[in-house]
1. Among the residues of region 63-87, write down those that are part of a helix (DSSP H, G or I), open to solvent by 10 Å² or more (accessible area, probe 1.4 Å) and in contact (Cβ under 8 Å) with a residue 12 or more places away in the chain.
2. Kindly check whether there is at least one residue in region 534-543 that is in contact with a Gly (Cβ under 9 Å, 6 or more places away or on another chain) and either within 17 Å of Ser599 (Cα to Cα) or basic (Lys, Arg) (or both).
3. Looking at region 364-378, can you tell me whether even one residue there is free of Cβ contacts under 8 Å to residues at least 40 places away in the same chain, within 23 Å of Ala142 (Cα to Cα) and in a helix (DSSP H, G or I)?
4. Return the residues of region 43-62 that are hydroxyl-bearing (Ser, Thr, Tyr) and either in a loop (DSSP other than H, G, I, E, B) or crowded, with 23+ Cβ neighbours inside 10 Å (or both); say none if nothing qualifies.
5. Can you tell me which residue in region 73-105 is farthest from the chain's Cα centre (by Cα), limited to those that are modelled with pLDDT of 95 or more and β-branched (Val, Ile, Thr)?
6. Output the residues belonging to region 539-557 that are of a type in the set (Val, Ile, Thr) and surrounded by 14 or more Cβ atoms within 10 Å (Cβ to Cβ).
7. With the condition kept exactly as written, say whether any residue in region 299-311 is within 21 Å of Cys590 (Cβ to Cβ) and surrounded by 14 or more Cβ atoms within 10 Å (Cβ to Cβ).
8. Across region 381-409, which residue is nearest to Phe97 (Cα to Cα) among those that are more than 27 Å from the chain's Cα centre (by Cα) and assigned to a helix (DSSP H, G or I)?
Amino acid sequence: MNPDSGRPWRGVGGRIVAVATTALLLLIPALWNGSPLFYWDSVDYVYLPFTWELPIYRTVSYGVFTGIGRLAGSLWVVIVAQAVIVAWVLREALAVFWPSGSADRALVPLTLLMVVTTALPWLTGELMPDIFSGIGVLGLAALMFDTGQLGRRRLALAALTTIAIAVHTSNIALGICLFVAFGGIALIGTRFVGNLRPRLGLAAFTLAMAIGLVVGSHWVTVGRPFLVQPTSMLFLSRLVEDGIAKRFLDDHCVDGKPYLLCAYKDRLPPTANSFLWQPNSIPQQLQGWERLAPEAKEIVERSLAEYPLLHLAAAVRLSVQQFAMFRTGDGLLPGVSWYIDDSLRRYYPAGYDAFAGSHQRGGIDFHVLNRLHVPVGVLALLLTLAAFLQASRSGDRRMLALTLFVLLALVGNAVICGALSNPNDRYQSRLVWLAVFASAVAGATLLHQRRLSLALICSGREAEQPATGRRNRHAAATIARDDATMHDNRFRVSLALLAATALAACASGPPPVADRLDPGDIALMQQTAQSALEAGKLGVSVNWENPATGHRGTITPVRTIEEAGAAPCRDYQVTATAGADTAIGYDTACRQAGGVWVSEFSSDPADALRRAERRRRDPYYDDPWCRWPHSPYNDPWCRSRSGVTFGVGARF
């Protein structure tokens, strides 16, 4: 029997009300912001539906999706569509995995929990394909383990899942990995997963349609069919950050100098992002990605063959690092405005006016949110793992399927994004909310089993049975009572863990100084850094102070680095004082055309303070500043680690 029949709430009307309410909850951050949220890459998806000029590092699928904004004349249509798709897929996943069959009743409270404790609503309100990563995973899980709850709605869910997977090639890679994993489980099984029997047919069709949609979209919009553009430049940037590129160039840049990068081997930047995106980057100096791409491909392939252990060690390290990085708000910065304003002004004038007055334009403080989101994410991961272990022992197939699917998705995403690209909080934050979803469903399942056990105890039918039957019934009731007590204890432990997490988040003391600086403080730091680096004398501090917050600090140039054929650079010390606490950090900036000094490592001087805090907490922290060719000899912290390998293959 379809669980949606029998009660008005479970009918079509109740379903529509639940989905609409959920979509509205998911829109709260964007509505509060007064504009869709924008990341650096969002600019490509603003202009793509108008020009179909595809950057060499981008695929077009999400640009096709944002084309509905062009048709409607507003990007809000894209954000609302994302909210509705997310709400619908959440509802269908609950129809499959929620224990009591009351998916519509559970949808709104569970969404409200995730709105408060995860990045889910922020991802929904952002003009980026990130929100669809988790939705693609959840849609595939529901398609594979639906046992009739969805009925004919399976086809609608398959269509939405196809869109979710197609909008980003990493979603396709993750979907294929999950399909292969559960296909193997269906064939061989293990003692931990028992006899799970996923329904692979419609899931396989969905993945095939997603791949076909990507290839077809490229064929129609740019005139050639392909799944993904060459990724050698992106992978090379990761090798630059790991030090493998430097090792390769040291070994191969002999007198013949066979590579363009040989001229830069002693001036490679310390991070992948600075290699690719900083003003006057090495690819820009070499006239663009296209000229360097063949060389990048050769370096990647040859280094894989010559240094397999270095690559393996880097992949493991970066995957572990990525798994633990899921702070909300990564990249939702005021500085995005200088990158996206022109496109908004040209294609969406009303959208430009809204963004100009948005909270993001003035700066959103995500540090307070992350004091809750990060510990809740950690707890949800632990609870999901505990629920998987319990389900593998008890044989609860539905719970086993959901928790295993989520855990494998989180691990797979960390490997794909961390090892093949480079770790960023946004990559894992777009999936970690699935752990909150899975742990909430696991808690509801335990409560449901407890109610069933108590109902068995209290049924009162023992007197109607013969003596033998009463004895059997009494034994069953005793077992059920013990089972109920066990589940009750587990539920209490879960509540205690949740309470402990909340208390830890609230009682952990004040956040680091860098996390207490507001956008006004950071703007003052940037202005002071520009003047101090342009005209300041070595060792002479230039002060800044924000009367609105009472925060203050200094910028002090400590060394000037000048090399033939290169822009001048200056090391500088950053200090900031908030209340009774003072933080000190170091950074390096190089002078660009027009007299603008650009940091080699971050978008604002406060990041130097964050790195200093990481150093204090983590003695094994791989500070990219220590990989700057000059810095280990200036910074005592780096100097104390002289001879230590920072990253893989980067030798000091």
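1. First pass over region 63-87, keeping only residues part of a helix (DSSP H, G or I): 63-65, 67-72, 76-87.
Remaining after also requiring open to solvent by 10 Å² or more (accessible area, probe 1.4 Å): 64-65, 67-68, 70-72, 76-77, 80-81, 84-85.
Across region 63-87, the qualifying residues are Val64, Phe65, Gly67, Ile68, Arg70, Trp76, Val80, Ala81, Val84, Ile85.
2. Yes, some residue in region 534-543 is in contact with a Gly (Cβ under 9 Å, 6 or more places away or on another chain) and either within 17 Å of Ser599 (Cα to Cα) or basic (Lys, Arg) (or both).
3. no
4. Restricting attention to region 43-62, the residues satisfying the condition of being hydroxyl-bearing (Ser, Thr, Tyr) are 45, 47, 51, 57, 59, 61-62.
Listed by number, the residues that qualify are Tyr45, Tyr57, Thr59, Ser61, Tyr62.
5. Here the residue is Val77.
6. Going through region 539-557, the residues of a type in the set (Val, Ile, Thr) turn out to be 540, 542, 549, 554-556.
Hits for region 539-557 are Val542, Thr549, Thr554, Ile555, Thr556.
7. Start the filter on region 299-311 by keeping residues that are within 21 Å of Cys590 (Cβ to Cβ), which leaves none.
No; the residues of region 299-311 include none that is within 21 Å of Cys590 (Cβ to Cβ) and surrounded by 14 or more Cβ atoms within 10 Å (Cβ to Cβ).
8. Arg397
The values are calculated or read from the model by the stated rules, or taken from the named source; none is laboratory data. Bear in mind the structure is a predicted one, so any value in this text is a computation, not a measurement. Because the Cβ atoms are built from the backbone with ideal geometry, glycine has one as well, and the counts that use them run over all protein chains shown. Keep in mind that these areas ignore ligands, DNA and RNA; they rest on the heavy atoms of the full protein, side chains included. Shrake-Rupley method; radii C 1.70, N 1.55, O 1.52, S 1.80 Å.
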